[in-house]
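These notes are about the structure you will find just below.
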Amino acid sequence: MLNVGSPAPDFTLTDSDGRSVSLSDFHGKRVVLYFYPKDNTPGCTRQACAFAAAYEGFKTKGVEVIGISKDSVASHRRFAEKYSLPFVLLSDPELQAIQAYGVWQEKRLYGKTSMGVVRTTFIIDENGIIQKIMPKVKPDTNAAEILSELC
């Protein structure tokens, strides 16, 4: 289980343009790393659009935004283009980062139990240390809450 003050697990995943991206590529910058269940679903779309709307504020504070789901690179490309998402979306079909960050969990929906990504956001400092963990965030307010907390 990851805790505040723990080193953020490094990973290398593919972005929506087919490039390999590692968390360590952002060393020296603060990172908002958010995990979400699925492209083009109502909650995930609202969350991504909220991050897009707040993106200039994050850039002004020197913060990178990275979204991760198990969707394919092609799905991420369509999602990013459809909603003009200006930040990095990473594809994790093998659940490499999703499991390393402990967000692959049992979920219940309409009486059915299944495994899936629990919407969770991590704030990581310039040295790769987890500063905040926000589990089960609300898609509509997640970006604004984080932006208001960042100095």
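The values are calculated or read from the model by the stated rules, or taken from the named source; none is laboratory data. These numbers were taken from a predicted model, which means no experiment stands behind them. No Cβ is skipped: glycine too gets one built from the backbone with ideal geometry, and neighbour counts run over all protein chains shown.
Can you say whether residue 40 is in a loop (DSSP other than H, G, I, E, B), farther than 13 Å from residue 68 by Cα and in contact (Cβ under 8 Å) with a residue 60 or more places away in the chain, as far as the supplied structure shows? Against the criterion (in a loop (DSSP other than H, G, I, E, B), farther than 13 Å from residue 68 by Cα and in contact (Cβ under 8 Å) with a residue 60 or more places away in the chain), residue 40 does not qualify. Against the condition closer than 27 Å to residue 127 by Cβ, aromatic (Phe, Trp, Tyr), in a strand (DSSP E or B) and modelled with pLDDT of 95 or more, how does residue 34 come out, does it pass? Here the answer is yes, as residue 34 does meet what is asked.
Checking each residue in region 85-103 for being surrounded by fewer than 18 Cβ atoms within 10 Å (Cβ to Cβ) and within 10 Å of residue 35 (Cβ to Cβ) picks out only 102.
Being surrounded by 16 or more Cβ atoms within 10 Å (Cβ to Cβ), of a type in the set (Gly, Ala, Ser) and within 18 Å of residue 22 (Cα to Cα) is the filter here; which residues of region 68-84 pass it? Scanning region 68-84 gives a single hit, 69. Number of residues in region 29-45 that are closer than 17 Å to residue 75 by Cβ and of a type outside the set (S, T, N, Q): the value is 9. Among the residues of region 125-146, write down those that are touching a Leu at 6+ places or on another chain (Cβ under 8 Å) and within 12 Å of residue 2 (Cα to Cα). Selection gives 130, 133.
Quick check on residue 84: is it out of contact with any Pro (no Cβ under 7 Å at 6 or more places or on another chain) and either hydrophobic (A, V, I, L, M, F, W, C) or modelled with pLDDT of 95 or more (or both)? When the stated conditions are applied, residue 84 passes them.
Checked against (1) surrounded by 15 or more Cβ atoms within 10 Å (Cβ to Cβ); (2) out of contact with any Gly (no Cβ under 6 Å at 6 or more places or on another chain), residue 8 meets all criteria but (2). Residue-level analysis places residue 10 among those that are at pLDDT 95 or above and within 25 Å of residue 149 (Cα to Cα).
Looking only at region 5-33, residues that are hydroxyl-bearing (Ser, Thr, Tyr), under 18 Å from residue 99 (Cβ atoms) and touching a helix residue (DSSP H, G or I) at 6+ places or on another chain (Cβ under 7 Å) come to 1 in all.
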